[in-house]
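Please treat every number below as a calculation from the coordinates, not as lab data. Everything quoted here is computed from the prediction, not taken from an experiment. As a convention, Cβ positions derive from the backbone with ideal geometry for all residues, glycine included, and neighbour counts pool all protein chains shown.
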There are 2 protein chains.
Amino acid sequence: MTTHTMRLVDDLLKGESISLSRAISLVENEGDEVLEIMQRIAPHLGKAHCIGVTGAPGAGKSTLVDKLTALLRKQGLTVGIIAVDPTSPFTGGAVLGDRIRMQQHYLDDGVFIRSMATRGSMGGLPQTASTVIKLLDASGKDAILVETVGVGQSEVDIMQKTDTVVVTLCPESGDAIQAMKAGLLEIADIFVVNKADHPGADSSVRDIQAMLHMREPSWWDIPVVVTEAINDVGIEDLYERIALHRQVLSDTGQLAQRRQLQRRFDLVKTVEQKLTRKLLQAIEGDGQLGSYIERVEKGEVDPYTAADEILRSGKLLSDWLSQ
Amino acid sequence: MTTHTMRLVDDLLKGESISLSRAISLVENEGDEVLEIMQRIAPHLGKAHCIGVTGAPGAGKSTLVDKLTALLRKQGLTVGIIAVDPTSPFTGGAVLGDRIRMQQHYLDDGVFIRSMATRGSMGGLPQTASTVIKLLDASGKDAILVETVGVGQSEVDIMQKTDTVVVTLCPESGDAIQAMKAGLLEIADIFVVNKADHPGADSSVRDIQAMLHMREPSWWDIPVVVTEAINDVGIEDLYERIALHRQVLSDTGQLAQRRQLQRRFDLVKTVEQKLTRKLLQAIEGDGQLGSYIERVEKGEVDPYTAADEILRSGKLLSDWLSQ
């Protein structure tokens, strides 16, 4: 490990924002130093409470995250925020409109905000988000809020990297059904019906509760919390439920079990990423594998036969692994 | 290759529906026969026009697919439909409400419909969808329609496996902005503003066109088509644009280039999947690797150090690859 990287990690562990920011960039850009950084911070992980906030577009997730942050800060807790924004094809960067609202927190040393674009992470966005959560945890943040826009598979997978998942819905007819269709009921630890001043809030709550009644009894009863985030109504109630969920997770041994599974998953993912990188290098290279791939691209060999031959051929495989 | 699998592939290539259905199930369940099936159908691929239909929930995608199917059938073309449905946590299966509408086509031999759940495919949902598209192509379908609900990363990735992407929007204020935030503008080849009888359709079209004007000039001008799918209005116009897009793709050499990249991608993915499967088997096994993983789960070794050691250790790696 270079002295430079060692200093970066030391500063990160002290909670220094610039180092944290640099380390996150290294992770996003898949820098060679990432493995060393992760090894070094590993003993310092598992203290933060990681809270996921997801739901349909327009449900008011950013406002909810904003108000939760203000509440956590009032209690003297430090906060890390990861906002996963879809990449805009026109600006080339993340769509940051919603972030403008968060400006008040940018001046606060106790809050660290990072937007992540949804595009182009080799190990997959959920794995990158999981690594960034660990960096925030290692930097000493008490709470980590992860907000995802959208309702797709990657977004659901990101939520599974958090301890407590808050699914936010609008009080509009059919929103609960859409949430079910999007697979959000499966991952929710807490439901929020936001914009409670809008018509239809009561019936939304009833819809969700009706669906929740169909579940098998579990170690956790999923509560439905009603908020008006924009007017700061219901945020304390929501936070109490979030804190209770973490407590129950811990008391029932669920938290320890999840962390154990996550470590196994991280191992498999890390090996996979490293092997894939080697494979891609070998394909780009001048070796035997590189020229073999050209034949696949031209359609002379089909990809499935080629994969089989590569894995059977000691020569091609060692060409690959020795990169 | 067993005679059984050979017969399955032969029947599939003849367009036989039951064999097609069985082959898709084998792909979804990651059966050992998949590699052989793919090798055998590889020479028969690339004839179908694959059309992706995506957009915000409630935009009328299923109706659009329904009406497009009817139009294609009138022209004597055969159709394969892949509907990617989020898995319901309550029923354990896909949420099939929208499919009921498609019933008329279930009795038609020229239409093959398959719902795919969003959960649990090891190689990732986009890769599974890509393989199923190939099976439909090999079975001789002239057109393949792939419909995804939701606006997430996986859904966007699935669309990138198709030739022509139709992004469907509702004429509601802000829908175009939401589409941009969801990254849909980046992948659209054609925009549809559906439910054109609803208020706000004109301004939606203007919003999209304004955004499209900000793009760099390209080999393809993205059209905005107005439809009322439920009343069968605008479907022919839409289909003309879809056919034109395919023509231009082909004439400009884009299609050949995409297919070439896809073959390379399929090779890397196949090698990756096979190696990961071996890794997971080795971890579950009694070998040296299995006991090493226990130490990772307990937190005695961190996952990053472990990954590094596995890849450096000839013994652990061969324990793995020899599985």
Check: What size of dipole, in debye to the nearest 20, comes out for segment B:1-44 about its Cα centre when the only charges are +1 on Lys and Arg C-beta atoms and -1 on Asp and Glu C-beta atoms?
Finding: 180
Notebook entry, point to check: Can you give the mean number of other chain Cβ atoms that lie within 10 Å of the Cβ atoms in peptide B:255-268?
Noted result: 4
Check: Looking only at other chains, what is the average number of their beta-carbon atoms within 10 angstrom of each beta-carbon in A:68-78?
Finding: 0
Notebook entry, point to check: In terms of modelled amide H atoms, which long-range or inter-chain residues lie less than 5 Å from the amide H of residue A:113?
Noted result: A:81
Notebook entry, point to check: How many nanometers, to one decimal and shortest first, lie between the label point of residue B:291 and those of its other copies, if labels sit 7 Å from Cα toward Cβ?
Noted result: 4.5
Item checked: Ascending list, in nanometres, of distances separating the residue A:206 label from those of the other copies (7 Å, Cα toward Cβ) -> 4.0
Margin query: Modelling each spin label as a point 7 Å along the Cα-to-Cβ direction, I'd like the residue B:291/residue B:274 distance in nm, to one decimal.
Written below: 3.1
Next item on the list: Quick one: grab the alpha carbon gyration tensor of segment A:1-44, order the square roots of its eigenvalues as a ≥ b ≥ c, and give me rounded if a/c is under 1.5, else prolate or oblate depending on whether a/b is larger than b/c.
Entry: rounded
Notebook entry, point to check: So how do B:68-74, A:208-214 stack up, highest first, on mean other-Cβ count within 10 Å?
Noted result: B:68-74, A:208-214
Margin query: Taking residue B:277 in one copy and the same position in all the others, each labelled 7 Å out along Cα→Cβ, what are the pairwise distances from the first, in nm, shortest first?
Written below: 2.6
Notebook entry, point to check: By its C-alpha gyration tensor, with a ≥ b ≥ c as the square roots of the eigenvalues, how is segment B:196-241 shaped: rounded for a/c under 1.5, else prolate for a/b larger than b/c, else oblate?
Noted result: oblate
Check: Taking the highest mean first, how do the peptides B:77-84, A:294-301 order by number of other beta carbon atoms within 10 angstrom per residue?
Finding: B:77-84, A:294-301
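With a cap of 14 neighbouring Cβ atoms within 10 Å, and only residues DSSP puts in a loop, list the trypsin sites (Lys or Arg not before Pro) found in segment B:199-255.
Sparse-neighbourhood loop trypsin sites (Lys or Arg not before Pro): B:215.
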Check: Which of the lysines could a cross-linker span from residue A:134 if the Cα-Cα distance has to be under 18 Å and same-chain partners fewer than 8 positions apart are dropped?
Finding: A:14, A:47, A:161, A:269, B:298
Next item on the list: Quick one: which residues, 5 or more positions from residue B:139 or on another chain, have an amide H under 5 Å from its amide H? H modelled 1.01 Å from N in the peptide plane, none for Pro or chain starts.
Entry: none
Check: Where a Cα-Cα gap under 25 Å defines reach, which lysines qualify for residue B:195, not counting those fewer than 8 residues away within the same chain?
Finding: A:181, B:61, B:67, B:74, B:181
Check: What does the average come to when, for each residue of peptide A:270-282, you count the partner chain Cβ atoms lying within 10 Å of its Cβ?
Finding: 4
